[in-house]
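The values are calculated or read from the model by the stated rules, or taken from the named source; none is laboratory data. Just so it is clear, the model here is predicted, and its values are computed rather than measured. Note that each Cβ is placed from the backbone with ideal geometry, even for glycine, and that neighbours are counted across all protein chains shown. Accessible surface areas use protein heavy atoms only, side chains included; no ligands, DNA or RNA. Shrake-Rupley method; radii C 1.70, N 1.55, O 1.52, S 1.80 Å.
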Amino acid sequence: MGNFLVWVVWIVAAFACLGSGAAVVSFTNPFYSALALIGNLGSLAVLYLLLSAEFVAAAQVLVYAGAVMVMFLFVIAYLGRDADAPWAGGPSWQALGAVAAAGALMVEIVVVIGLKASGRLTEAPYVGAGFGSPYEIGKLFLTDHLLAFEITSIVLLAAAVGGVVLGTQARDPEPDHPSNSLLQGDVPLR
């Protein structure tokens, strides 16, 4: 009965992950897309729990679904209505690239499922006792994957600064408008 329950939770989390991922890219309102991304990150945390990676699941919820998504929501709220309708001009090369990448990922999933069904993937990998522990994850982050870890932090910092810059540019007053002369210290003529 326990194994059946694990499969049910896995299937529900997998479909929730796929559904919320599709919702992220299909919603036109960026606020709803960000909320769908929170659902996606939560379902990924459930999948991590099923893989016995409790620390990664907790970090997923606290860091990404918590802190990073709050930052995204603040940027979206700061930009306001100017952040709406990113697809107004039709599909771009980025959208076509995303569809191609999704297709390649789907082909890879089908190939792996086919290999598993045919019995070619019967050898189980070795998983050590410390798998998923904070020590092992920290060791990997600060030794083997230090460059990727630092690049990720720089990209997140650039995203935060870019959001603030875009938000301040969107809120700059028009220089030609008569009411803005008061903001610049000019005395109106009567």
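A few remarks follow.
- Residue match in region 118-140 (condition: polar (S, T, N, Q), surrounded by 10 or more Cβ atoms within 10 Å (Cβ to Cβ) and within 27 Å of F72 (Cα to Cα)): no
- Hits in region 9-21 (condition: without any contact (Cβ under 8 Å) to a residue 40 or more places away in the chain and open to solvent by 60 Å² or more (accessible area, probe 1.4 Å)): I11, V12, F15, L18
- Residue that is least open to solvent (accessible area, probe 1.4 Å), among those in region 56-66 that are small (G, A, S) and over 12 Å from the mean Cα position of the chain (by Cα): A57
- Residue pairs whose Cβ atoms lie under 7 Å apart, sitting 6 or more positions apart in sequence or on different chains, and linking a residue in region 119-145 that is within 12 Å of S52 (Cβ to Cβ) to a partner that is open to solvent by 80 Å² or more (accessible area, probe 1.4 Å), are G132/E54; G132/F55; S133/F55.
- Residue among A53, A85, A100 that is loosely packed, with under 13 Cβ neighbours inside 10 Å and either at pLDDT 75 or above or in contact with a Gly (Cβ under 8 Å, 6 or more places away or on another chain) (or both): A100
- The one condition in (1) under 24 Å from G163 (Cα atoms); (2) part of a helix (DSSP H, G or I) that L44 fails to fulfil: (1)
- Whichever residue in region 112-171 is outside any helix (DSSP H, G or I) and of a type in the set (S, T, Y) and, among such residues, is nearest to the chain's Cα centre (by Cα): S133
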